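Read-outs throughout are calculated quantities, based only on the coordinates presented, and are distinct from any laboratory measurement. Treat the numbers as computed from the prediction; the structure is a model and nothing was measured. No Cβ is skipped: glycine too gets one built from the backbone with ideal geometry, and neighbour counts run over all protein chains shown.
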Amino acid sequence: MANQIIFYVLATIIAIFSVLAVTSNKIIRSALYLLFVLLSTAGLYLLLGYPYLFGVQIAVYAGGVMVLFIFAIFLTNKPGDKVDKERPIRRIVAGITAFTGLAFCAHVFYYNIARVFATVAIEESKIQVIGHTLMGTEKYQYLLPFEVISILLLACIVGSIMIARKR
Amino acid sequence: MSSVSQYFSGLFTGIRSLMKGMAVTWVELWTKKVTAQYPENRDTLVISDRFRCELIMPHDTNNEHACTACGICVMNCPNGTIKIESEMIETADGKKKKVLKQYTYDLGMCTFCNLCVVTCPSDAIKFDNTFENAIFTRSKLVQTLNREGSKLREKKKETPAPVAE
Amino acid sequence: MILNYSQPLEFSNLSSWLDATLRNNLSEFWTLLIEFVLVGVLLLAAYAVIALVLIYVERKITAFFQARFGPNRVGQYGLLQSLADMIKILLKEIIHINKVDKFLFYAAPFFMVGASMLTFGAIAFGKGLQAVDFNIGVLYVTAVSSLGIIGVLLAGWSSNNKYSMIGAMRSGAQFVSYELSAGFALMTMVVLSGTMQFSEMINQQAYCWNIFNGHISSIIAFFIYLISGHAETNRGPFDLPEAESELTAGYHTEYSGLQFGFFYLAEYLNMFIIASIATAVFLGGWMPIQIKGWEAFNQIMNYIPSYVWFFSKTGVLIFFSLWVRWSFPRLRIDQLLNLEWKYLLPINLVNLLVMVILVLTGLTLTDLFPNWF
C-alpha cells in the first residue's frame, strides 16, 4: 500500500512538473522544473529497489547535466527575461510531433511490457556484475560501445578546444 | 625537461611552504592568549596616562583651583562643550575681579580633541584616564567641574602640591 | 569476530530491543512506520545539534589559533553561545525583497539543506547507527552531495544581485571541478576495498585501516580527498565564493534570518559530512583500534562504544580542516582552478593507476603481512 501511495505521489509530481517545464516562460524555471522531474524519476528507481540506477540518475542528470544547463543558461544573454511565445503554426506542429512520439513510445511499451518483464531480472544486479559487464569483451558485454563513446567524448573535447582557440 | 622539473619542484616547494605555515599556526595555537578580560581584570588594568577620557579640573588640598574664568577654553572648543559662568567680586584691597562661579562640562558633546587643555593659559584643566563613563541618563553627563566653595589659587602664595583627583 | 566482545554501551543494544518490543506488540506496518519516523526525527535532531556543537567548536578553535579566547561569556566557557545564536536567528525577520525571482529565491536554501540531509543519512555514526546503507554507498554520497550546488547557483541568480551572481558562478566552477577529484580519491579507495558499501568497507578495516592498507597510494588519496572536500564546502583558503572583501557575502548576500541560517547550517554540516566520509573510507569509521592477537587490548578497545570512536576520528579531521583554514590565505580563482586541473587531477589519475597495480600485484599491507593485519 505504501509503495502505491509513494508511486502515485511521484507520478503526479513528474506529470505536473514536466508540463510546467514545457509551458514555463522563464528558461531558468523550466530548467528547475526539469530537475524536479529527473529527481522524482530517481525516486521511482529507488522505489523499484534499484539504488544503482538511482545514484547514476542523480549523479549524471541532476548533479551533472542540470548544473551544466544552469551554467549555460547563466552565460546566455538576459536569462531572466520571459521567452516570447512561438507562432501558432509552429506550436501546432510541435504539439503533433510530441504526441506522435508519445503514441509511438506508448505503443511499444504496451505491447512489449510482458516480454521485458519476463527477461529482465527482477532482483537488483550487484554492482560488481555491472562493472564487469561494462568492461568485459564477451557476449552481452559492453567494452566496445564503452570505448566508442569515450572516443566520441574525446572528439567533443578536442572540438571544443579548437573552437575556443580560434577566437 | 625544464617545464617538467619546474612542475615537480613547484609542487614540492609548495607543499613544504604549506607545512611551514601550518607549523607556525600550530605554535600559535598554544601561545598565551592575549585578550584582556575587562570586568575581571579591573584591579590590574593599566590605562595609559595620555588616554583622554574625561575633562577634570585639579583641586589642591586647600580646595583651590587655577581657573581664572578667562573663557579661552570655551572659545576654543569646537562643539560648545564647555560653559563658564563667572561673576565680578570685589577683593579685600578694593579691586574688582572676575572669578569662576560654575564651570560646566558636557561629556556627551566632547570629542576629546584636547584643544581646551592645550590653550589654557593657567593649566587649570586636564584630561583624566578614568574611562568608565557609561551612565543611563544623558543629563548626568553634564558635570560641574569646580567644587563647592573652591576658589582661585593666589599666585604669590606657595602652592601646595596638587592632589590627584 | 567483533561480536564476541562485550559491548554494553553500544547503541545497537537499545535499537534492537526497541525493534523487538515493537514487533511483538504491533503489526509490521506500524512497526516500520514508527521506526521510520523515529529515525527521521533522530537524524533531524542530530543534524541541528551537531551543527550547534560544530559552530561552538569552530569559534573556539579559531580563537585559539588567533591567540584569543573565543566565546566565554554565555554560560560556562561560552557553551551556550551557539544556542543563543540559534534562538536569535530563529526570531529574526525574513526580509522579503521585491525584485527577486520569488520561487527560486525561496526554493534555493532547501536544496542546500536537502542535499546535505540526504548525505547525512548515509553516514555510519556507529555500530548499527546508519540510516541508509546502500550497496552503492560511495556513489550515493557523491551523487546526492552534488545537488547542493544547484541551490547555490539558484540562490545567486535569483537574488538579482551582481555580487551574489559572481559568488554563485565561482562556487559553481569550484564545486564542479573539485567534486571530480573528491570522486576520484574515493574511487581509489573503492578499488582497494572492492566494495562501495560503507558498512562492508568499515568491517574490512577492523585490523588495518585503509589509509595504512594501501600505504603510499592511500595516503595521497586521503590528502587529495581532504583538500577537495575542503574546497567543496567553500571554506578555508577556498572561500572565494563568499569573499567578504570583494563580494559582501557571495551567494547568500540577500538572505536573512532563517533562510541564511539554512545556508549556514548546510555549510557546517558539509564540513562534518566530508570529515565523516573520510573517516569511514580511510580511517575505519566507527571501528575501534584493534590489533590481531592482542585479545585483552581488543577487549578494552571494544568496551569504548563505537560512536565515541567515530566522533573522535571525525573530530580530529575537523580540527585538521580548521587548522588549514586558519593557516593559509585565500586563493585567487585562477590559482584555485590551477590547483585542481594541473595538480590534483593528474596526481589523482596516476594515483588511481598505482592503486590498481598495488591491488593486482598484492602489495597492500593485508596481502604482504596476512598474519599481522
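Numbers for the structure displayed
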quantity: Shielding by partners - mean other protein chain Cβ count within 10 Å, residues of A:49-59; calculated: 5
quantity: Top of C:L358, C:L186, C:L33 by mean-square fluctuation, Gaussian network on chain C, Cα under 10 Å; calculated: C:L33
quantity: Ordering of C:78-86, A:27-35, A:82-90 by burial proxy (mean other Cβ atoms within 10 Å per residue, highest first); calculated: A:27-35, C:78-86, A:82-90
quantity: Net charge contributed by nearby residues that have their C-beta within less than 13 Å of C:F310 (K/R +1, D/E -1); calculated: +1
quantity: Under 28 Å from the Cα of C:K99 - lysines, other chains or at least 8 residues apart; calculated: A:K26, A:K78, A:K82, A:K85, C:K88, C:K162
quantity: Computed over chain C: relative contact order in percent, which uses C-alpha pairs under 8 Å that are six or more apart; calculated: 22 percent
quantity: Eligible aspartates and glutamates near B:K20 by straight Cα distance, threshold 17 Å, same-chain separation 8 or greater; calculated: B:E28
quantity: Segments C:207-215, A:39-47, B:79-87 sorted - mean Cβ within 10 Å per residue, highest first; calculated: C:207-215, A:39-47, B:79-87
quantity: Ellipticity estimate at 222 nm from DSSP helix runs (n ≥ 4, -39,500 (n - 2.57)) divided over chain C, nearest 500; calculated: -22000 deg cm²/dmol
quantity: Local electrostatic count at C:I166 - Lys and Arg +1, Asp and Glu -1, tallied over other residues with Cβ under 12 Å; calculated: 0
quantity: Base-10 log of normalised Debye intensity for region C:239-364 (one unit scatterer per alpha-carbon) at q = 0.16 Å⁻¹; calculated: -1.09
quantity: Protection proxy ranking of B:15-26, C:328-339, A:151-162, C:43-54 - average other beta-carbon atoms within 10 Å, highest first; calculated: C:43-54, C:328-339, B:15-26, A:151-162
quantity: Compactness index (Cα Rg / 2.2 N^0.38 Å), chain A; calculated: 1.30
quantity: Cys with no candidate disulfide partner in the protein assembly as shown (beta-carbon separation under 4.7 Å rule); calculated: A:C105, A:C156, B:C53, B:C67, B:C70, B:C77, B:C110, B:C113, B:C120, C:C208
quantity: Chain A - mean residue ellipticity at 222 nm from DSSP helices (-39,500 (n - 2.57) per run, n ≥ 4, rounded to 500); calculated: -25000 deg cm²/dmol
quantity: Span-like helix ranges in chain C, DSSP H, alpha carbon extent 24 angstrom or more, Kyte mean at least 1.6; calculated: C:28-65
quantity: Kyte-Doolittle mean at least -1.0 and Cα axial length at least 18 Å: DSSP H helices in chain A; calculated: A:2-23, A:27-47, A:88-119, A:143-166
quantity: Percentage relative contact order, region C:41-94, counting C-alpha pairs under 8 Å, at least six apart; calculated: 25 percent
quantity: Estimated dipole of the protein assembly as shown in Debye, rounded to 20 [Cβ of Lys and Arg +1, of Asp and Glu -1, Cα centre]; calculated: 1860 debye
quantity: Residue-averaged [θ]222 nm for chain B, counting only DSSP H segments that reach four residues, each worth -39500 (n - 2.57); calculated: -7500 deg cm²/dmol
quantity: Dipole of chain B [Lys/Arg +1, Asp/Glu -1 at C-beta], most positive-end residue of B:C67, B:M109, B:A23; calculated: B:A23
quantity: Between helix B:2-29 and chain B: long-axis angle, C-alpha atoms, 0 to 90°, nearest 10; calculated: 40 degrees
quantity: Cβ neighbours within 10 Å from other chains - mean over A:68-75; calculated: 3
quantity: Selection of chymotrypsin sites (Phe, Trp or Tyr not before Pro), region C:284-368, meeting DSSP coil and at most 14 other Cβ within 10 Å; calculated: C:W294
quantity: Total charge dipole magnitude, region C:168-253, about the Cα centre, Cβ charges on Lys, Arg, Asp, Glu only, Debye to nearest 20; calculated: 220 debye
quantity: Average other protein chain Cβ within 10 Å of Cβ, residues C:134-145; calculated: 6
quantity: Net charge, C:Q81 excluded, C-beta distance under 11 Å - Lys, Arg +1, Asp, Glu -1; calculated: +3
quantity: Fluctuation leader among C:G250, C:G236, C:G40 - chain C, Gaussian network, Cα springs under 10 angstrom; calculated: C:G40
quantity: Relative contact order (%) - region B:33-154, alpha-carbon pairs under 8 angstrom, separation at least six; calculated: 36 percent
quantity: Choice from B:C77, B:C113, B:C67 showing the highest fluctuation, given a GNM over chain B with Cα pairs closer than 10 Å; calculated: B:C113
quantity: Whole-number D in µm²/s for the protein assembly as shown (Stokes-Einstein; Kirkwood sum over Cα pairs; 4 °C, 1.567 mPa s); calculated: 41 µm²/s
quantity: Partner aspartates and glutamates for B:K97 [C-alpha distance under 18 Å; skip if fewer than 8 residues away on the same chain]; calculated: B:E64, B:E85, B:E87, B:E154
